[in-house]
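S.K.: Below: one structure in structure tokens.
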């Protein structure tokens with residue numbers, strides 16, 4: 001069932017595949033079914049509401065609602081599954097979980113959906129754009145309302161449509177060990193379909209894999225790291241130099257940490273901090289595979305760096321702050337249903353606290369980069385504006401000169417000099433970055 005409670009779908013899915021020893025093609029089908037049903041939950045619930053009265057729907061066991069969602073997803077989105085098979089399996093699933101009494105309801109709803117799918121209607125986009133986009137493009141109404149106010153209905157539809165697509169898979173060439181051309185040849189020899197990106201010189205778009213990515217010999221040899229291009233850009237904006245001291249305040253699982261180390265030619269020192277003791281070892285594990293030796297990973301709360309660093313200063317600090325993640329909804333399919341409007345008030349307080357703590361450990365003339373994987377102003381521009389008002393010694397530097405030449409004309413940079421990417425405009429994760437220099441003498 002998809003009602004994961006506090007559990008994450010990915011963890012539950014991985015555990016199920018492992019415990020039940022599920023292999024391809026069933027593994028691929030199960031993954032598509034679970035993630036697809038979660039992604040399109042809003043639209044599926046709207047369709048269910050077309051055939052079941054809301055009062056009756058609220059009285060149904062949650063397992064039956066999940067079975068209906070799974071069945072409808074197969075009917076509407078998976079051409080490989082015959083309609084009769086989706087209906088029959090859903091009915092049997094209801095019986096298997098002890099709901100013989102409502103298995104007939106499952107059968108009736110799914111068969112009616114097949115018969116009347118062309119008659120399913122949505123709220124009118126002109127008179128009720130929030131309701132229309134929320135139902136048809138499967139996003140919470142509060143989220144849609146925010147975006148319509150900021151972007152208008154047409155662009156909100158484009159953004160929601162992009163969020164419903166599978167995210168592209170990008171990998172970052174480990175320039176300490178190989179070149180992109182050599183990595184491309186290795187991938188092709190192993191049966192992967194890949195294309196060199198025109199955005200960043202170290203980036204490769206992996207289109208198709210012969211097996212799990214961690215089974216590739218090039219992965220085991222540490223020739224690459226999986227990372228979205230928007231995240232790669234943050235390290236370029238930081239522009240670390242060999243021999244410097246760099247602090248990564250929220251480092252796990254280590255994508256930016258290892259990229260920074262590669263740009264530093266594995267010379268200098270990186271202090272990688274994180275509060276998650278379970279994820280912190282992933283940083284060191286990646287370093288070991290990639291051949292990086294300059295990273296020291298420590299369990300430290302970035303809001304209280306003084307407790308660990310005292311008066312120590314560094315050349316550069318990057319704050320990749322915890323956020324709502326509304327820029328990566330196409331990757332994290334559950335996030336749109338887990339996030340709440342109230343979190344747009346709580347996250348900025350923590351983000352500001354980390355940024356203020358980090359600022360005290362930037363040398364005069366040093367660089368401070370603040371970034372998030374969200375598109376929301378409360379977590380981005382407003383946090384930076386609050387910080388600058390309280391720390392006037394820091395000044396904004398435009399990120400434009402630090403972007404690869406291929407991207408400088410692609411409208412990633414705002415008038416203030418910040419970077420803001422969007423999945424529907426740049427085919428990257430929604431990502432924000434600001435670069436600040438400490439002008440203190």
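The values are calculated or read from the model by the stated rules, or taken from the named source; none is laboratory data. Keep in mind it's a predicted model, so treat the numbers as computed, not measured. In this analysis, Cβ positions are derived from the backbone assuming ideal geometry, glycine residues included, and neighbour counts consider all displayed protein chains.
S.K.: Report every pair of residues separated by at least 6 positions or lying on different chains whose Cβ atoms are under 8 Å apart, first residue within the stretch 186-198 and at positive phi, second assigned to a loop (DSSP other than H, G, I, E, B) and surrounded by fewer than 16 Cβ atoms within 10 Å (Cβ to Cβ).
M.R.: Listed pairs, sorted by first residue: 191/210.
S.K.: Here is a further query. I'd like to check something: does the stretch 210-221 contain any residue that is crowded, with 16+ Cβ neighbours inside 10 Å, assigned to a helix (DSSP H, G or I) and out of contact with any strand residue (DSSP E or B) (no Cβ under 8 Å at 6 or more places or on another chain)?
M.R.: Among the residues of the stretch 210-221, at least one is crowded, with 16+ Cβ neighbours inside 10 Å, assigned to a helix (DSSP H, G or I) and out of contact with any strand residue (DSSP E or B) (no Cβ under 8 Å at 6 or more places or on another chain), which makes the answer yes.
S.K.: Could you say whether any residue in the stretch 161-173 is free of Cβ contacts under 8 Å to residues at least 40 places away in the same chain and either within 27 Å of the chain's Cα centre (by Cα) or buried (at least 16 other Cβ atoms within 10 Å of the Cβ) (or both)?
M.R.: Restricting attention to the stretch 161-173, the residues satisfying the condition of being free of Cβ contacts under 8 Å to residues at least 40 places away in the same chain are none.
Scanning the stretch 161-173 turns up no residue that is free of Cβ contacts under 8 Å to residues at least 40 places away in the same chain and either within 27 Å of the chain's Cα centre (by Cα) or buried (at least 16 other Cβ atoms within 10 Å of the Cβ) (or both).
S.K.: Now a separate question. Name the residue, out of 15, 59, that is closer than 28 Å to residue 212 by Cβ and not assigned by TED's automatic domain parsing to the domain that holds residue 136. Talk me through it step by step, then tell me what you get.
M.R.: Numbers: 59 fails: closer than 28 Å to residue 212 by Cβ.
Just one listed residue meets the conditions, 15.
S.K.: Being surrounded by fewer than 14 Cβ atoms within 10 Å (Cβ to Cβ) and part of a helix (DSSP H, G or I) is the requirement here; does residue 116 meet it? Spell out the reasoning first.
M.R.: Values: surrounded by fewer than 14 Cβ atoms within 10 Å (Cβ to Cβ): yes; part of a helix (DSSP H, G or I): yes.
Taking the combined requirement at face value, the residue satisfies it.
S.K.: Then there is this: Can you name every residue in the stretch 299-321 that is in a strand (DSSP E or B) and free of Cβ contacts under 8 Å to residues at least 40 places away in the same chain? If you could, list the steps in order and put the result at the bottom.
M.R.: Filtering the stretch 299-321 down to residues in a strand (DSSP E or B) leaves 299, 314-320.
Result: 299, single match.
S.K.: Now for a separate question. Restricting attention to the stretch 352-380, report how many residues are surrounded by fewer than 17 Cβ atoms within 10 Å (Cβ to Cβ) and in contact with a strand residue (DSSP E or B) (Cβ under 8 Å, 6 or more places away or on another chain).
M.R.: Of the residues in the stretch 352-380, 3 are surrounded by fewer than 17 Cβ atoms within 10 Å (Cβ to Cβ) and in contact with a strand residue (DSSP E or B) (Cβ under 8 Å, 6 or more places away or on another chain).
S.K.: Could you run through the stretch 227-258 and say how many residues are closer than 19 Å to residue 426 by Cβ and in a helix (DSSP H, G or I)?
M.R.: Number satisfying all stated conditions: 11.
S.K.: Given the conditions (1) buried (at least 19 other Cβ atoms within 10 Å of the Cβ); (2) within 17 Å of residue 176 (Cβ to Cβ), and given that residue 226 satisfies all but one, which numbered condition is not satisfied?
M.R.: (1)
S.K.: Any chance you could count how many residues in the stretch 99-126 are without any contact (Cβ under 8 Å) to a residue 12 or more places away in the chain and under 32 Å from the mean Cα position of the chain (by Cα)?
M.R.: Going through the stretch 99-126 one residue at a time, the tally reaches 2.
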